[in-house]
Amino acid sequence: MEVTITLNGTECTHDVEPRTLLVYYIREAAGLKGTNIGCDTTSCGACTVLLDGRSVKSCTVLAAQAEGRTVTTIEGLAEADGTMHPVQRAFQEHHGLQCGYCTPGMVMAIVSMLAERGDHVLTEADVRLGLEGNLCRCTGYHNIVEAALAAARAPELRL
Amino acid sequence: MIPASFDYVRADSLDQATGLLERHGDGAKVLAGGHSLLPLMKLRLAVPEVLVDIGRIPGLSYVRDGGDHLAVGALTTHDEIARSPLVGSQLPLLAHVAGQIGDPQVRHRGTIGGSLAHGDPASDLPAVVLALRGTLVLRGPGGSREVDSEAFHLGFLETAVAPDEILTEIRLPKMGELGWGFEKLTKRAQDWAIVGAVAARLDGDGSTAIALINVGPVPARALAAEAALEAGSSPAEAAARADDGIEVSGDLNASEAFRRHLTRVLVGRALEKALV
Ligand SMILES: Cc1cc2nc3c(=O)[nH]c(=O)nc-3n(C[C@H](O)[C@H](O)[C@H](O)COP(=O)(O)OP(=O)(O)OC[C@H]3O[C@@H](n4cnc5c(N)ncnc54)[C@H](O)[C@@H]3O)c2cc1C
Ligand code: FES
Ligand code: FES
């Protein structure tokens, strides 16, 4: 079946089987390898992308369910000239990664969390709870949480 | 992990969806948020021939004020319920429980209708619906019918929803300021309950309802503990009877004896919060 998705701002159409999971559509049909597969069982969050602006685990969504919708992956965050998104920059400045495997999913989960916070000022507890669906085997989370809190204070990030 | 092949149909209306279900019988499965069904399909524990995606049917995602109750559309996500000001003020128990399900990504996709229709005793929302004596609205090819929450759960992963029916709405009596308690023991924050308990004061006769999560094959009410409270027992005395007459399962996470213990302890804690 043909599935058309606006992926990182560009409409793309690929002919895939109905059983194709969104993460395979992104990685294999569209060739964007930034989104990782960790557990493949909805547990680790490595495959997190934004579907219409909200974080989802793309290993547990059919590509067909995203038909006509907007999907944003880690590749879609930086500006065309390479300027990093505030969450990406915060990860760099706060050393929010080691091996980097969980990082695309962490960043996308945090972008969603920041978009959803409204007028609420995020606390460390909010950030830790908000990342309950994202596992990291390297960092011990501390610097990831620091990066999220720093990004939350970034003035240009009023989504 | 990739699901076995299937045909996919996106339904545009309830009539089209129930028609497809009627035509394909047992080979068809409804797809809502997919956060219970797709994991089972990836493990090939579910191998439907036809998936009827109801996710785009308009008008199934809402919270409405029905006077003495709130009506929640089946496609309303856990996240929408948790953030709804109406649910927050009239059914704070439901908002709280929905906000504790899985993790944010799961709550963005999972729906209340899917949680109920899946019939998993480990799911949290069925216990809330059971405690509050909710009503479920089912729509089939021949029209709609209402089912009492008491009559909804028939067995493990088995509910009153017929193969050609769709759960469209869940109605729950408003609680306002009435006391409630929710306790859920998990190993990790995002996990399902090993055991959970819901306690809620009910309007009218002032009785207290208690429902259990992941104790036996179906979501169950702790009838012996409810009766003890009714007869004037203290919350602690009632909690000591929380597993009386309940079928309790043992599994990798907890033996039957440990589950019985957890049931009594968590019901005690939930009652303490509900009855302050
Ligand atoms: C990692 C993870 C953690 C989770 N943790 C929890 C937790 O802590 N607590 C909890 O309660 N749940 C948890 N869940 C389950 C989650 O809440 C699911 O979203 C929910 O159980 C099913 O809703 P769904 O919309 O995704 O349904 P689907 O997966 O689409 O469907 C589930 C079943 O119900 C049927 N169905 C769905 N909607 C309807 C309808 N309207 N009418 C008739 N049949 C229908 C389908 O055919 C299928 O058989 C978790 C899931 C995951 C993946
Ligand atoms: S790969 Fe999707 S949650 Fe782990
Ligand atoms: S940085 Fe290695 S898993 Fe998170």
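Points to keep in mind about this one:
- Annotation note: GluC sites (Glu not before Pro) in region B:173-276 located in DSSP loop regions with a Cβ neighbour count of at most 16 within 10 Å are B:Glu177, B:Glu247.
- Think of each Lys and Arg Cβ as +1 and each Asp and Glu Cβ as -1; about the Cα centre, that makes the dipole of the protein assembly as shown roughly 760 debye.
- The calculated pair-distance distribution of region B:180-274 uses every alpha carbon pair, bins of 5 angstrom beginning at 0, and gives 3, 16, 27, 26, 16, 8, 3, 1, 0 percent.
- Residue-averaged beta-carbon neighbours from other chains (10 angstrom radius) around A:61-68: 5
- Peptide B:100-113 shows a mean partner chain C-beta count of 6 within 10 Å per residue C-beta.
- For chain A, a Gaussian network of Cα nodes joined below 10 Å ranks A:Thr35, A:Thr83, A:Thr70 by mean-square fluctuation, and the top entry is A:Thr83.
- Selection of chymotrypsin sites (Phe, Trp or Tyr not before Pro), region B:94-193, meeting DSSP coil and at most 16 other Cβ within 10 Å: B:Phe156
- Theoretical FRET efficiency, 1/(1+(r/R0)^6), r = Cβ-Cβ of B:Ala231 and A:Asp52, R0 45 Å, to 0.05: 0.30
- Peptides A:84-92, A:56-64 ranked from most to least packed, by the mean per-residue count of other Cβ atoms within 10 Å: A:56-64, A:84-92.
- Both the radius of gyration and Dmax for region A:86-153 are 10.6, 34 Å, in that order, over alpha-carbon atoms.
- A Förster radius of 51 Å combined with the Cβ-Cβ distance from B:Asp7 to A:Ala154 puts the calculated FRET efficiency at roughly 0.65.
- If you take all other residues with their beta carbon under 9 Å from the beta carbon of B:Asp243, and give Lys and Arg +1 and Asp and Glu -1, the sum is +3.
- Cβ-based net charge around B:Val106, under 12 Å, with every Lys or Arg adding one and every Asp or Glu removing one: -1
- ³J(HN,Hα) computed for each position of region B:202-211 - Karplus, 6.51 cos²θ - 1.76 cosθ + 1.60, integer Hz, glycine/proline x: 9, 5, x, 7, x, 6, 10, 9, 10, 10
- Note on B:Lys42: lysines with a C-alpha under 30 Å away, same-chain residues under 8 apart excluded, are A:Lys33, A:Lys57, B:Lys29, B:Lys184, B:Lys187.
- Distance between region B:102-148 and region A:7-28 - C-alpha centres, whole angstrom: 30 Å
- Value of relative contact order over chain A, rounded to a whole percent, pairs C-alpha under 8 Å and six or more apart: 24 percent
- Note on chain B: the alpha carbon radius of gyration divided by the globular reference 2.2 N^0.38 Å gives 0.99.
- Springs join every pair of Cα atoms under 10 Å in this Gaussian network model of chain A, and among A:Asp40, A:Asp126, A:Asp81 the largest mean-square fluctuation is at A:Asp81.
- The mean sequence distance of close C-alpha pairs (under 8 Å, at least 6 residues apart), as a share of the length of chain B, puts its relative contact order at 16 percent.
- Converting phi to 3J(HN,Hα) with the Karplus coefficients 6.51, -1.76 and 1.60 and the offset θ = phi - 60°, region B:30-45 yields 7, 10, 10, x, x, 8, 10, 6, 5, x, 5, 5, 5, 7, 6, 7 Hz in sequence order, with x at every glycine or proline.
- Here the dipole of chain B is about 700 debye; that uses its Cα centre as origin and unit charges on the Cβ of Lys and Arg (positive) and Asp and Glu (negative).
- Derived scalar couplings between HN and Hα for region A:26-32 equal 5, 6, 9, 5, 8, x, 9 Hz in order, rounded to whole Hz, by the Karplus curve 6.51 cos²θ - 1.76 cosθ + 1.60 (θ = phi - 60°), x for Gly and Pro.
- Per principal axis, descending, Cα span of the protein assembly as shown in whole Å: 72, 52, 43
- Under 5 Å, built H, 5+ apart or other chain: amide partners of B:Phe6: A:Arg19
- Charge context of B:Leu223, other residues only, Cβ under 14 angstrom, K/R +1, D/E -1: -3
- Peptide A:128-135 has a mean of 5 when you count, residue by residue, the C-beta atoms of other protein chains within 10 Å of its C-beta.
- Chain B: most fluctuating residue of B:Gly204, B:Gly34, B:Gly176 per GNM, C-alpha cutoff 10 Å: B:Gly204
Read-outs: derived from the displayed coordinates by stated rules, not from any lab. All values derive from a computational prediction rather than experimental measurement. Cβ: placed from backbone, ideal geometry, glycine included. Neighbour counts: every protein chain shown.
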